[in-house]
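Visitor: Shown below is the structure under consideration.
The values are calculated or read from the model by the stated rules, or taken from the named source; none is laboratory data. Since the model is a prediction, treat every value here as computed from it, not as a measurement. Cβ atoms come from the backbone with ideal geometry, glycine included; neighbour counts cover every protein chain shown. Ligands, DNA and RNA are stripped out before the accessible areas are found, and what is left, the full protein with its side chains, is counted by its heavy atoms. Shrake-Rupley method; radii C 1.70, N 1.55, O 1.52, S 1.80 Å.
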Amino acid sequence: MQADVSGNVTVNISRSGTPGTPVIGHDVYGGGALANTNTGNQNGGSYNTTVNLYPGATIVHDVYGGGRGQKAADGIQAVEAIVYGDVTVNQLGAVLIADYNSEGLATGGRIFGGNNVNGTPKGHILVYVNKTTGTAGQQRSSNEARADADATHTYELAAVYGGGNEAEYNPYSNTDFAEVQIDGCDDVSIHSVYGGGNAASTPATKVTIGGAYEIEYVFGGGNGAGTGNPGANVGYHAYGDDHAGITQDDIEYRLANYKYGTGVATTNIYGGRIHHIYGGSNTRGNVRETAVAML
């Protein structure tokens, strides 16, 4: 039986008591697991979902503003976990334990504004980072190391995504977008920041960085890196591989059948030590409109 939530949702992950440090053994979700959230919006409501990550909490895997869906497989039916409202994730200092695969790509210690695997928020997505906190083996680089291009850099948070993880962000509004705001000055240390999703499309993105102690990579688009990654498009549901023989008819067909949202990826950088800035996606993923980095 599917257990939906009709009204507002607020998830607070925080320290309680002394020592009382809560340890979450796996993922944190604002939305439901194979269930829908803020369903009262379908009857004219204005319900939203908020996830607050406070200092003193430790999360052993990832955080999602949206919910967890399910993809179709042999004998398994696909399930979309829809969040019918705006989603906000506030990183205020919780510890997220990072994991990496054999390719060196993060598989844990990440924050997503959207869903995991399937489904989508239907309103606006905002991921706000004010503070990161490291743990053993995850403490940020020293002042000397971060200034040295050849130094080994260590980050407190593996990655931040405005979109979802293998789950397309598909809001109601054609003008909506996935938004990431980072404004923690010397309290923020992140390896990778993406306006879009991981192996997932978004209609449009906006990344704004007011300050940071250190960030290795900033992408206006999403993450298309890794074996089997189909790419992270901005403004396209799907697109396919470019090739030498692509024709104007191919381009027009894709625009007519795959585009959604405004297709704009915006990256605004006002401060912080950032080693690499890209307006588009990482490795694979098409951005329909011009991606601009404003410094």
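Visitor: Answer yes or no: is there a residue in the stretch 18-41 that is assigned to a strand (DSSP E or B), within 22 Å of E156 (Cβ to Cβ) and open to solvent by 60 Å² or more (accessible area, probe 1.4 Å).
Guide: Checking the stretch 18-41: at least one residue is assigned to a strand (DSSP E or B), within 22 Å of E156 (Cβ to Cβ) and open to solvent by 60 Å² or more (accessible area, probe 1.4 Å).
Visitor: May I ask you to say which residue of A147, A238, A151, A159 is under 20 Å from Y270 (Cα atoms) and surrounded by fewer than 17 Cβ atoms within 10 Å (Cβ to Cβ)?
Guide: Within the list A147, A238, A151, A159, the selection yields A147.
Visitor: When the stretch 260-295 is examined, which residues are found to be open to solvent by 80 Å² or more (accessible area, probe 1.4 Å) and either over 24 Å from A178 (Cβ atoms) or in contact with a strand residue (DSSP E or B) (Cβ under 6 Å, 6 or more places away or on another chain) (or both)?
Guide: The answer is Y270, R273, Y278, M294, L295.
Visitor: Something else: What number of residues in the stretch 86-97 are surrounded by fewer than 24 Cβ atoms within 10 Å (Cβ to Cβ) and part of a loop (DSSP other than H, G, I, E, B)?
Guide: Matching residues across the stretch 86-97 total 3.
Visitor: Sort out which residues of the stretch 204-227 are more than 26 Å from P171 (Cα to Cα) and in a loop (DSSP other than H, G, I, E, B), and write them in order of number.
Guide: Step one: list which residues in the stretch 204-227 are more than 26 Å from P171 (Cα to Cα), which gives 210-217, 226-227.
A212, Y213, G226, T227 - these are the residues of the stretch 204-227 that are more than 26 Å from P171 (Cα to Cα) and in a loop (DSSP other than H, G, I, E, B).
Visitor: Between Y128, Y172, which is part of a strand (DSSP E or B) and open to solvent by 20 Å² or more (accessible area, probe 1.4 Å)?
Guide: Numbers: Y172 fails: part of a strand (DSSP E or B).
One residue alone meets the criteria, Y128.
Visitor: Would the stretch 249-269 turn up any residue that is touching a residue at least 24 places away in the same chain (Cβ under 8 Å) and within 22 Å of S141 (Cβ to Cβ)?
Guide: Taking every residue of the stretch 249-269 in turn, at least one turns out to be touching a residue at least 24 places away in the same chain (Cβ under 8 Å) and within 22 Å of S141 (Cβ to Cβ).
Visitor: Answer with yes or no whether Y217 is at pLDDT 95 or above, surrounded by fewer than 18 Cβ atoms within 10 Å (Cβ to Cβ) and closer than 25 Å to T58 by Cβ.
Guide: Answer is yes for this residue.
Visitor: Just one of (1) within 16 Å of the chain's Cα centre (by Cα); (2) at pLDDT below 95; (3) open to solvent by 60 Å² or more (accessible area, probe 1.4 Å) trips up G228, so point out which.
Guide: (1)
Visitor: Please go through the stretch 249-295 and pick out each residue that is hydrophobic (A, V, I, L, M, F, W, C), at pLDDT below 90 and part of a loop (DSSP other than H, G, I, E, B). Show your work before the answer.
Guide: Start the filter on the stretch 249-295 by keeping residues that are hydrophobic (A, V, I, L, M, F, W, C), which leaves 251, 255-256, 264-265, 269, 274, 277, 287, 291-295.
Retained after the next criterion (residues that are at pLDDT below 90): 251, 255-256, 291-295.
Across the stretch 249-295, the qualifying residues are A291, L295.
Visitor: Would you call V193 of a type in the set (A, V, I, L, M, F, W, C) and under 11 Å from the mean Cα position of the chain (by Cα)?
Guide: Working: of a type in the set (A, V, I, L, M, F, W, C): yes; under 11 Å from the mean Cα position of the chain (by Cα): yes.
When the stated conditions are applied, V193 passes them.
Visitor: Being open to solvent by less than 10 Å² (accessible area, probe 1.4 Å) and of a type in the set (A, V, I, L, M, F, W, C): is that true of I76 here?
Guide: no
Visitor: Looking only at the stretch 50-71, count every residue that is open to solvent by less than 10 Å² (accessible area, probe 1.4 Å) and either at pLDDT below 95 or over 17 Å from Y169 (Cα atoms) (or both) and tell me the total. It would help to see each step written out before you state the result.
Guide: Initially, the stretch 50-71 is screened for residues open to solvent by less than 10 Å² (accessible area, probe 1.4 Å), giving 51, 53, 57, 59, 62-67, 69.
Within this subset, residues satisfying the condition of being either at pLDDT below 95 or over 17 Å from Y169 (Cα atoms) (or both) are 51, 53, 57, 59, 62.
Here the count works out to 5.
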